[in-house]
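Here's the structure we're looking at; comments come further down.
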């Protein structure tokens, strides 16, 4: 059994999903949720909280690999830079454990999980629900996006990234 940690980075809310994939390709959701940081806190404290939250998840589940959503190339440069800080904390937490890290663009995750790169958040949640045979989509949407990153890695890679 292989455990994959999927992460949707954000400085206010970092979504994550932990899935297991057995030898026959069956995928099961183990946990999903959101690491929240306070907007009133200075950015360095928020980054520390994200780092510690990811480390705690890694320590509990011992994933074989980590799938992280890449930075969206939007119009707002400041937002992209801030998001880059969150991604750095996440990548460091995984690298310190020598975990293989796979990075996927938001469009690639949506294409693999939903079938179209322009899928809405609701469509992603619905398809995550369908793929994992859940009663409801993971909530909030940031958690569903973290699970989608893990699913994307499961579907794209039959083994951890070298």
Quick check: anything in the range 66-75 in contact with a helix residue (DSSP H, G or I) (Cβ under 9 Å, 6 or more places away or on another chain), part of a helix (DSSP H, G or I) and within 17 Å of residue 142 (Cβ to Cβ)? no
Looking for whichever is closer than 30 Å to residue 23 by Cα and over 17 Å from the mean Cα position of the chain (by Cα) here; the options are 43, 96, 81. Which one fits? 96
Here are the criteria: (1) assigned to a loop (DSSP other than H, G, I, E, B); (2) surrounded by 12 or more Cβ atoms within 10 Å (Cβ to Cβ). Tell me which single one residue 40 does not satisfy. (2)
Does residue 10 satisfy the criteria of being crowded, with 19+ Cβ neighbours inside 10 Å, touching a strand residue (DSSP E or B) at 6+ places or on another chain (Cβ under 9 Å), assigned to a strand (DSSP E or B) and touching a residue at least 40 places away in the same chain (Cβ under 8 Å)? no
Would you mind telling me which numbered condition in (1) modelled with pLDDT of 90 or more; (2) surrounded by fewer than 20 Cβ atoms within 10 Å (Cβ to Cβ); (3) farther than 19 Å from residue 4 by Cα residue 60 fails? (3)
Do you know which of the residues in the range 119-143 that are in contact with a helix residue (DSSP H, G or I) (Cβ under 7 Å, 6 or more places away or on another chain) and part of a loop (DSSP other than H, G, I, E, B) is farthest from residue 71 (Cα to Cα)? 136
Which one of these is part of a helix (DSSP H, G or I) and under 11 Å from residue 8 (Cβ atoms): 84, 146? 146
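The values are calculated or read from the model by the stated rules, or taken from the named source; none is laboratory data. Predicted model, so just to flag it, every value in this text is computed and none were measured. Cβ: placed from backbone, ideal geometry, glycine included. Neighbour counts: every protein chain shown.
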